[in-house]
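The values are calculated or read from the model by the stated rules, or taken from the named source; none is laboratory data. Small disclaimer: the values here were computed from a predicted structure and weren't measured. Reconstructed Cβ throughout: ideal geometry from the backbone, glycine too, with neighbour counts over all protein chains shown.
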Amino acid sequence: MTGALEYEFFQRALAAGLLAAVASGIVGTFVVARRMASISGGLAHAAFGGIGLGYLAGFPPMAGALAFGLLSALGIGAAELKMRQGLDTLIAMVWAVGMALGIVFASLAPGATPDLLSYLFGNILFVPSAYLWFTAALDVFLLLVVWRLYRPLQAVVFDEEFSWVAGVPVATLFLLLLGLTAVTVVVLIRVVGVILVIALLTIPAAIARHWVGGLDRMMFLATAVGGVCITAGLFASYGLSASIGLDIPTGPFIILLAAGLYGLSSVVRYLARGRQTP
């Protein structure tokens, strides 16, 4: 399987996956700790509407996904801050409408029907070089945000009411967090697709939460877990295709590996806690 590293497209895919794991580990930790997985799922599917609009209007689909994701993030964030409850219906509507708009826009696009499966389930083996630069810039920006705003973000995630009382700009930080989630979701779409992006955003962080406490350690371990799953998924998918001709899409394979690792982590943690119980 190491022969895969001889190919430039595989080297680019591996670099893209590892860079995406950093963004996923950082943002996924906030998503899991803040318990807003449903919001990130809504953003992922809302971004699909921008992909379809890109095909229809003739601009890059990922630019449309980014615009739709950010606008949806701001809308959901404003509703969360004002309504404080009852967001499940709104998130479900954003989730469904985004997918519906994406399909309608793509079907109306002139010329050949676009291949939407690559956006639904990911296409990491064919990421362009520009993707690497964009993902690297996002990683650097995320690290800077965490470095500068770690304590206020930690306060907002774990004790929002106290943060309001203490004068922390909760609304601004919450909208910032949603915006970063939207951008990260768009980045991960190229790795595992719209349908599976919520899993890659949450499973590594959920595994990390089994074993460490504190946002900083969770981010580090979630990044490592995501990197291992993406790397193993790439090599395993290539190996099965090269050796026995079993062509399994890389994105779903990565998620299945992550889910299996989560199940194993849960069992080991349960057994370990059982031994510690008198």
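Which pairs turn up if I take residues in the range 19-44 that are under 19 Å from LEU66 (Cα atoms) and look for partners that are of a type in the set (Lys, Arg) and crowded, with 24+ Cβ neighbours inside 10 Å with beta carbon separation below 9 Å, at least 6 apart in sequence or on another chain?
Partner pairs satisfying both residue conditions: ALA20/ARG190.
List the number of the failed condition for ILE207; all other conditions in (1) under 21 Å from PHE30 (Cβ atoms); (2) assigned to a loop (DSSP other than H, G, I, E, B); (3) not acidic (Asp, Glu) hold.
(2)
Looking at SER40, SER24, which is the one that is modelled with pLDDT under 90, buried (at least 24 other Cβ atoms within 10 Å of the Cβ) and assigned to a helix (DSSP H, G or I)?
Among SER40, SER24, only SER40 is modelled with pLDDT under 90, buried (at least 24 other Cβ atoms within 10 Å of the Cβ) and assigned to a helix (DSSP H, G or I).
From the list LEU200, LEU149, LEU132, LEU143, pick out the single residue that is part of a helix (DSSP H, G or I), within 20 Å of SER72 (Cβ to Cβ) and not acidic (Asp, Glu). Step through it out loud before you land on a result.
Numbers: LEU149 fails: within 20 Å of SER72 (Cβ to Cβ); LEU132 fails: within 20 Å of SER72 (Cβ to Cβ); LEU143 fails: within 20 Å of SER72 (Cβ to Cβ).
Answer to the check: LEU200.
Taking ALA171, is it assigned to a helix (DSSP H, G or I) and loosely packed, with under 11 Cβ neighbours inside 10 Å?
Numbers: assigned to a helix (DSSP H, G or I): yes; loosely packed, with under 11 Cβ neighbours inside 10 Å: no.
Criteria not met by ALA171.
For the range 153-162, does any single residue satisfy the condition of being under 16 Å from the mean Cα position of the chain (by Cα) and part of a helix (DSSP H, G or I)?
No: zero hits.
For the range 136-159, enumerate the residues that are surrounded by fewer than 15 Cβ atoms within 10 Å (Cβ to Cβ) and at pLDDT below 90.
Listed by number, the residues that qualify are PHE158, ASP159.
Out of all the residues in the range 112-121, is one or more on the phi < 0 side of the Ramachandran plot, surrounded by 12 or more Cβ atoms within 10 Å (Cβ to Cβ) and part of a loop (DSSP other than H, G, I, E, B)?
Within the range 112-121, one or more residues are on the phi < 0 side of the Ramachandran plot, surrounded by 12 or more Cβ atoms within 10 Å (Cβ to Cβ) and part of a loop (DSSP other than H, G, I, E, B).
Would you mind stating whether THR135 is of a type in the set (S, T, N, Q), free of Cβ contacts under 8 Å to residues at least 24 places away in the same chain and over 21 Å from ALA171 (Cα atoms)?
no
For LEU176, state whether it is without any contact (Cβ under 8 Å) to a residue 40 or more places away in the chain, closer than 17 Å to SER24 by Cα and surrounded by fewer than 23 Cβ atoms within 10 Å (Cβ to Cβ).
For LEU176, the condition - without any contact (Cβ under 8 Å) to a residue 40 or more places away in the chain, closer than 17 Å to SER24 by Cα and surrounded by fewer than 23 Cβ atoms within 10 Å (Cβ to Cβ) - is met.
Restricting attention to the range 236-247, does a residue exist that is buried (at least 24 other Cβ atoms within 10 Å of the Cβ) and either of a type in the set (Ser, Thr, Tyr) or part of a helix (DSSP H, G or I) (or both)? Outline the logic, then answer.
Within the range 236-247, the subset buried (at least 24 other Cβ atoms within 10 Å of the Cβ) is 237.
Subset that is either of a type in the set (Ser, Thr, Tyr) or part of a helix (DSSP H, G or I) (or both): 237.
Yes, some residue in the range 236-247 is buried (at least 24 other Cβ atoms within 10 Å of the Cβ) and either of a type in the set (Ser, Thr, Tyr) or part of a helix (DSSP H, G or I) (or both).
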